[in-house]
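The values are calculated or read from the model by the stated rules, or taken from the named source; none is laboratory data. What you see is a predicted model; the values in this text were computed from it and never measured. For neighbour counting, all protein chains shown are included, and Cβ atoms are generated from backbone atoms with ideal geometry for every residue, glycine included.
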Amino acid sequence: MTEKPQLALPFETVASSPTPDDQIRFVRHQRARRYLIRVDRDGQVRVTIPRGGSRREAEAFARRSQAWVARQRASVAARMLPPEDEAQLKGLARVMLPERLLALAAIHGLTVSRVSIRNPKGRWGSCSRTGSISLNWRLVRMPDWVRDYVLIHELMHLKQMNHSPAFWALVAAAYPRFEEARAWLRANGAQVG
């Protein structure tokens, strides 16, 4: 006997997870091809149900993924700072990051129109066409040489607003250790962010 698709599943629901003290958010996504599980920065678990998938199978998938979820939550908890420490680091970032960015800009003969320190979820920095650079406050939590790579990366966008080979040539000329810094970010960025 085949299971009928669950048509009445709301777009988002919260239900008890396999462990009573946890919460899982189940989300149906019509373009998803398989069940997916994600642990957000706040420790919330989200299971994506693909087109034609069932809530029952999503719950079974979540149960099978308990060990992975526990590891991810431990990683999230290790990155969390007490509110007073976070406030202190954000204050440090507002002073230190613009100062260092502008010093590097001067070395490379570049003009930055505005520097802002923000709290983005998935980026270390961004650069607008108007010359405004936005930086993630968490940059203060990484080694100086990696932080400098991120700042140089954003500054080179003032010359080349894409990630073409020409852009990477600019980055390599300005910061020869860029590949080492990118590798560090791939390996350690999640622990910082």
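If residue 172 meets every condition in (1) out of contact with any Lys or Arg (no Cβ under 7 Å at 6 or more places or on another chain); (2) of a type in the set (A, V, I, L, M, F, W, C); (3) closer than 30 Å to residue 86 by Cβ apart from one, which number is that one?
(3)
Do we have any residue at all in the stretch 42-59 that's more than 22 Å from the chain's Cα centre (by Cα) and either of a type in the set (S, T, N, Q) or at pLDDT below 90 (or both)? Break it down stepwise before answering.
From the stretch 42-59, those more than 22 Å from the chain's Cα centre (by Cα) are 49-59; that's our starting set.
From what's left, either of a type in the set (S, T, N, Q) or at pLDDT below 90 (or both): 54.
Scanning the stretch 42-59 turns up at least one residue that is more than 22 Å from the chain's Cα centre (by Cα) and either of a type in the set (S, T, N, Q) or at pLDDT below 90 (or both).
Can you list the helices (runs of 4 or more DSSP H) found entirely within the stretch 32-144 that contain at least 3 residues being closer than 30 Å to residue 158 by Cβ?
Details: elements: 55-64, 66-79, 83-107.
Correct list: 83-107.
Out of all the residues in the stretch 126-145, which are more than 16 Å from the chain's Cα centre (by Cα) and of a type outside the set (Gly, Ala, Ser)?
Passing the criteria: 127, 129, 130, 133, 143, 144, 145.
Every residue in the stretch 99-153 that is touching a Ser or Thr at 6+ places or on another chain (Cβ under 9 Å), more than 24 Å from residue 86 (Cα to Cα) and of a type outside the set (S, T, N, Q), please.
Listed by number, the residues that qualify are 105, 112, 127, 131.
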